[in-house]
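J.: Have a look at this one.
The values are calculated or read from the model by the stated rules, or taken from the named source; none is laboratory data. Keep in mind that what you see is a predicted model, and the values were worked out from it rather than measured. Virtual Cβ from ideal backbone geometry, glycine too; neighbours counted across all protein chains shown. SASA here: full protein model, heavy atoms, side chains in, ligands and nucleic acids out. Shrake-Rupley method; radii C 1.70, N 1.55, O 1.52, S 1.80 Å.
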Amino acid sequence: MFYRPEDGHGLPHNPFNAIVTPRPIGWISTRGEDGHDNLAPYSFFNAVAYVPPQVMFASTSAKPDRADTKDSVAQIRDTGVFCVNVVEYAMRDAMNASSAAFGKEVDEFEAAGIEKIACETIDCARVAGAPANLECKLTQIVQLPGEANFAVFGEVTGVHIRDNCLKDGIFDVLSFNPLSRMGYRDYTVVREKFSLKRPGE
């Protein structure tokens, strides 16, 4: 099969949503200028640099009460900070509950029954008990082609790691089984790993 996206794919669901898979989930927490907290998952998310450590996520739709974007991007534009909360398998239902289309006045932490705690380096809440949290200051927001497509980049200014996720000095992903998005309504979880040496190592 071959298709040009501009011509459509002719399938029941868009295959592009599942081709780039699995995708890590950035569970993004933000706080508005009015002090209102927001929490939402984004599967267009990844780390993009080591020194200084940087991450990005992309938002691809808008809400009627936010004009050209969603709550996360709107609040980051206003405050310049956000936090990435790592999603473990045990928190899959809470993560999913926070993805509901709430109004901008709703605190997703409260609506989804998720405990929050203050960040250390930025004025923002984070998911208490998450395997890791990355506190970030905004570096840039890039408007991408297409309506309401924004890529948000941030520099990591603080890192929280849950104690039981460290084993022999290594952040052990198998200790919490990270959740990833596969496309459509499908997710997967990391339960095994293997190592490879690069040529010349």
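J.: Determine whether the stretch 89-99 contains at least one residue that is over 29 Å from ALA18 (Cα atoms), of a type outside the set (Phe, Trp, Tyr) and within 17 Å of the chain's Cα centre (by Cα).
T.: Within the stretch 89-99, not a single residue is over 29 Å from ALA18 (Cα atoms), of a type outside the set (Phe, Trp, Tyr) and within 17 Å of the chain's Cα centre (by Cα).
J.: Select from the stretch 74-87 the residues that are outside any helix (DSSP H, G or I) and either open to solvent by 30 Å² or more (accessible area, probe 1.4 Å) or touching a Ser or Thr at 6+ places or on another chain (Cβ under 9 Å) (or both) and list them in ascending order.
T.: Passing the criteria: VAL81, PHE82, CYS83, VAL84, ASN85, VAL86, VAL87.
J.: Being outside any loop (DSSP other than H, G, I, E, B) and in contact (Cβ under 8 Å) with a residue 60 or more places away in the chain is the filter here; which residues of the stretch 160-201 pass it?
T.: PRO178, LEU179, SER180, ARG181, MET182, GLY183, ASP186, TYR187, THR188, VAL189
J.: Another question, then. Restricting attention to the stretch 1-40, which residues are among the charged types (D, E, K, R) and surrounded by fewer than 14 Cβ atoms within 10 Å (Cβ to Cβ)?
T.: Correct list: ARG4, GLU6, ASP7, GLU33, ASP34.
J.: Looking only at the stretch 111-129, filter to residues that are more than 25 Å from THR60 (Cα to Cα), of a type in the set (Gly, Ala, Ser) and outside any strand (DSSP E or B); which one of those is least open to solvent (accessible area, probe 1.4 Å)?
T.: That would be ALA128.
J.: Could you grab me the full set of residues in the stretch 22-65 that are more than 20 Å from ARG126 (Cβ to Cβ), assigned to a loop (DSSP other than H, G, I, E, B) and hydrophobic (A, V, I, L, M, F, W, C)?
T.: Across the stretch 22-65, the qualifying residues are PHE44, VAL51, ALA62.
J.: Additional query: Can you find, within the stretch 41-73, the residue that is modelled with the lowest pLDDT among those that are of a type in the set (Gly, Ala, Ser) and open to solvent by 10 Å² or more (accessible area, probe 1.4 Å)?
T.: Applying the filter and picking the extreme gives ALA67.
J.: Next question. Of GLU108, GLU147, which residue is farther than 27 Å from PHE171 by Cα, open to solvent by 50 Å² or more (accessible area, probe 1.4 Å) and of a type in the set (Asp, Glu)?
T.: One residue alone meets the criteria, GLU147.
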